[in-house]
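Quick notes on the structure that follows.
The values are calculated or read from the model by the stated rules, or taken from the named source; none is laboratory data. None of these values were measured; they are calculated from a predicted model. Here the Cβ positions follow ideal geometry from the backbone for every residue, glycine too, while neighbour counts run over all protein chains shown.
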Amino acid sequence: MNFDLIVIGSGPGGYVAAIRAAQLGLKTAIIEKENLGGICLNWGCIPTKALLQSAKIFNYLKHAKDYGLSNDNIQFDLSKIIARSRAIINKMNNGLTSLIKKNNIKIIFGKAIIKPGKIINVIDINNNIMEYSASHIIIAVGARSKILPNLPQDKNKIIGYKEALTLEKLPKSMIIVGAGAIGVEFAYFYNSLGTKVIMLEYLPRILPLEDEDISKELELIFIKNGIKIFTSSYIDDININDKIKVNVINTSGKKHILETEIILSAAGIIPNTSNLGLEETGIKTTKDGRIIVDEYYRTNISGYYAIGDVIPGPALAHVASYEGITCVEHIKNLPIDTLNYNNIPNCTYCIPEIASVGYTEKKAIEKGYKIKIGKFFFNALGKAVADGNHTGFVKVIFDTKYGELLGCHMIGNGVTEIISEVVIARQLETTNYDIIKTIHPHPTMSESIVEAVNNAYNMCINM
């Protein structure tokens, strides 16, 4: 029952860390209390993208005449859309199980309780307790939906993201509380299928962490598509009967009474660090329960590490995976570079998609940079016009002194697939000159990047 490394949690941070450890020769185990793959695979990244793809195809078919095609009886079956999503999860779960076994990693199912001395007690479904020990323990238990005090989730009228992924029938109306990535993705999905969607956001704009130009563009598109948006607003009172009546107040004091069939709470996440044994072990956390770590993900107690959504920083699957690899390679004393948290791509998969990396315009100015901004709109891009998806733009931000690429922000069809070009460019400290002199194929969506850079320096040809 002794291992070189035990990883608690099998999400995109945990299973990646475990596999890298096994590759490096460590005797490794994973402890998982529910399903392999964690929230990302089972209730987050993958099932939401499956639903969004169904909505995207449905919308394409509704506009078939725009492409010279005919299909006058477009229908959908929500149960089959949900079933497809869950089938994809099962397939990927089986693949992940095979991958873990292929690397000779022991899988232990149960709830983990951390003890001092690098010991873990695991409680299985029959309440049996087994004790395990390891030279190193990585905590990768992820996070869960935040439950607001005035919005208790009953999983019927007031639901979280898990219930939103498996509804048996399409609600006629829905209020979504929270307009971050989770909120806007579900807003797009349900609006596309015909639900009357209202979004409530406490902050002044939707997607508040994105560049302001991106947020404004998405808000205009959502409103055009029939989604009602209330920003700088919060729920004051809820009355639940057959329908739900919601009293909403904005920060200027104006009141609205809204009526809906169902409320989806998408107001963020909280780390799964309660009842884990952190206090007894002496591991320090922030006020909101996140585990404090250094650049190699070591906690204040030797031999204990933490990665992913349980530590401060962006709650993104690809970040957790990178942190897991970094942590394990540090354990093996390999030469490594720590993660540059200012060069992490962020993607939102509503339609139009959103992708960004680096500083927003506001943040760059706050940091003291003198900046140049370039934009290129997709309605001037041949590939986008030919595809019939020419909403949105690419925005680039440069430092005027050295030509450093400070940030890039995109909204449009397929932008999540082209943001990596900018991430690599920033990693290599590419300047405006390097991008301008790099030929891009025509016609492609990626041309928009070099066109936006050209626009920042008054060299744009096609706009």
Inset, instruction - Collect the residues in the stretch 1-15 that are out of contact with any Leu (no Cβ under 7 Å at 6 or more places or on another chain), buried (at least 24 other Cβ atoms within 10 Å of the Cβ) and in a strand (DSSP E or B), keeping them in residue-number order. - result: Ile6, Val7, Ile8
Inset, instruction - Might you check whether a residue that is among the aromatic types (Phe, Trp, Tyr), within 25 Å of the chain's Cα centre (by Cα), in a loop (DSSP other than H, G, I, E, B) and farther than 27 Å from Lys65 by Cα occurs anywhere in the stretch 341-351? - result: yes
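Table: residues versus (1) in the same structural domain as Ser448 (by TED's automatic domain parsing); (2) farther than 22 Å from Leu52 by Cα.
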position	(1), (2)
Thr338	no, yes
Asn343	no, yes
Ser356	yes, no
Ala364	yes, yes
Lys372	yes, yes
Lys401	yes, yes
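Only one of Ser70, Ser98 is farther than 25 Å from Ser274 by Cα, within 26 Å of the chain's Cα centre (by Cα) and among the polar types (S, T, N, Q). Can you tell me which?
Unique residue meeting the criteria: Ser98.
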Legend entry - Residue list for the stretch 431-463, filter: among the hydroxyl-bearing types (Ser, Thr, Tyr), surrounded by 14 or more Cβ atoms within 10 Å (Cβ to Cβ) and more than 12 Å from Glu421 (Cβ to Cβ): Thr431, Tyr457
Inset, instruction - Specify which of the listed residues (Ile249, Ile270) is surrounded by 14 or more Cβ atoms within 10 Å (Cβ to Cβ), on the phi < 0 side of the Ramachandran plot and in contact (Cβ under 8 Å) with a residue 40 or more places away in the chain. - result: Ile270
Legend entry - Of all residues in the stretch 385-437 being among the small types (Gly, Ala, Ser) and under 25 Å from the mean Cα position of the chain (by Cα), the one that is farthest from Asn343 (Cα to Cα): Gly392
Inset, instruction - Provide a single number: the residues in the stretch 330-350 that are surrounded by 23 or more Cβ atoms within 10 Å (Cβ to Cβ) and either among the aliphatic types (A, V, I, L, M) or in contact with a Pro (Cβ under 8 Å, 6 or more places away or on another chain) (or both). - result: 1
Legend entry - Scope the stretch 272-326; condition over 13 Å from Ile139 (Cα atoms), β-branched (Val, Ile, Thr) and not in a helix (DSSP H, G or I); matching residues: Thr286
Inset, instruction - Could you identify the single residue in Thr348, Thr444, Thr416, Thr400 that is more than 30 Å from Ile46 (Cα to Cα) and among the hydroxyl-bearing types (Ser, Thr, Tyr)? - result: Thr400
Inset, instruction - Name the one entry in Ser10, Ser54 that is of a type in the set (Gly, Ala, Ser) and in contact with a strand residue (DSSP E or B) (Cβ under 7 Å, 6 or more places away or on another chain). - result: Ser10
Inset, instruction - Name the single residue, out of those in the stretch 281-298 being over 24 Å from Ile331 (Cα atoms) and of a type in the set (D, E, K, R), that is nearest to the chain's Cα centre (by Cα). - result: Asp288
Legend entry - Residues satisfying the stated conditions in the stretch 16-39, i.e. touching a Gly at 6+ places or on another chain (Cβ under 8 Å) and not in a helix (DSSP H, G or I): Ile30, Ile31, Glu32, Lys33, Gly37
Legend entry - Which numbered condition Asn42 misses (of (1) at pLDDT 95 or above; (2) part of a helix (DSSP H, G or I); (3) of a type in the set (S, T, N, Q)): (1)
Legend entry - Leading residue by the ranking (surrounded by the most Cβ atoms within 10 Å (Cβ to Cβ)) among those in the stretch 77-111 that are closer than 20 Å to Val16 by Cα and among the hydroxyl-bearing types (Ser, Thr, Tyr): Thr97
Inset, instruction - Those residues that are buried (at least 18 other Cβ atoms within 10 Å of the Cβ) and charged (D, E, K, R), I need them from the stretch 112-150; list them, please. - result: Lys118
Legend entry - Residue ID - nearest to Ile354 (Cα to Cα), chosen from residues in the stretch 414-463 that are of a type in the set (A, V, I, L, M) and outside any helix (DSSP H, G or I): Ile418
Inset, instruction - Would you mind telling me which numbered condition in (1) under 30 Å from Phe109 (Cα atoms); (2) in a helix (DSSP H, G or I); (3) free of Cβ contacts under 8 Å to residues at least 60 places away in the same chain; (4) not acidic (Asp, Glu) Lys49 fails? - result: (3)
Inset, instruction - Report yes if Ile371 is at pLDDT 95 or above, touching a helix residue (DSSP H, G or I) at 6+ places or on another chain (Cβ under 6 Å) and crowded, with 22+ Cβ neighbours inside 10 Å, otherwise no. - result: no
Legend entry - Neighbours by Cβ (under 6 Å, 6+ apart or cross-chain): first from the stretch 229-246, assigned by TED's automatic domain parsing to the domain that holds Met174; second at pLDDT 90 or above and among the aromatic types (Phe, Trp, Tyr): Tyr234/Tyr202
